[in-house]
Amino acid sequence: MLCVFCEHDASAVRSVEYIIPEALGNKEHVLRRGIVCDGCNNYFASKIEEPVLSSIHFQNLRGRQEIANKRGNIPFQYGISRRLAFRLPSGLRKMRENL
Ligand SMILES: [Zn+2]
C-alpha cells in the first residue's frame, strides 16, 4: 500500500496515524497501518503537531478542558499579563471555575 501523502511504500509501517492528535484527547479516530508512512507520520508529528500543540493557546485549551496527554498529564494553564506569562496552579484553576 502506498502512503497517501508521499506515495512511497507504507506496507511495513509500525505506527498508526491519529486523525485528531492524541494530545487533544483522541483515542479512537485512527487510520490503520499502511495508510501513512512512518516518515510522513513523523514529519507531521514533529513539524506540525508538536509546535502547534505546545503553543500557549493549545496548552491553555487542554488545561481548561482537562485533556490529558499520552502519559496522563494535564498541562498547566498560563495566565497572560502585559509583560509576562505565568502558570496558573491547578488549585487556583479549580477556584476560578467555581466563581
Ligand atoms: Zn509518506
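The values are calculated or read from the model by the stated rules, or taken from the named source; none is laboratory data. Just so we're clear, the structure is a prediction, and the values are computed from it rather than from any experiment. Virtual Cβ from ideal backbone geometry, glycine too; neighbours counted across all protein chains shown.
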Item checked: Subset of segment 1-20 [under 28 Å from ASN73 (Cβ atoms) and part of a strand (DSSP E or B)] -> GLU17, TYR18
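With the structure loaded, tell me whether ASN41 is polar (S, T, N, Q) and touching a residue at least 12 places away in the same chain (Cβ under 8 Å) or whether it fails that test.
The answer is yes for ASN41.
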Next item on the list: Name the residue, out of ASN42, ASN69, that is farther than 30 Å from GLY79 by Cβ and of a type in the set (S, T, N, Q).
Entry: ASN42
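Is there a residue in segment 48-55 that is away from the ligand (no atom under 11 Å from the Cβ), over 30 Å from GLN77 (Cβ atoms) and modelled with pLDDT of 90 or more?
no
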Note to self: Suppose we keep only residues that are part of a helix (DSSP H, G or I) and among the acidic types (Asp, Glu) within segment 49-78. Which one would you say is surrounded by the fewest Cβ atoms within 10 Å (Cβ to Cβ)?
What the structure shows: GLU50
Item checked: Candidate set: segment 21-32, residues that are surrounded by 13 or more Cβ atoms within 10 Å (Cβ to Cβ) and in a loop (DSSP other than H, G, I, E, B); chosen: the one nearest to the ligand (Cβ to nearest atom) -> PRO21
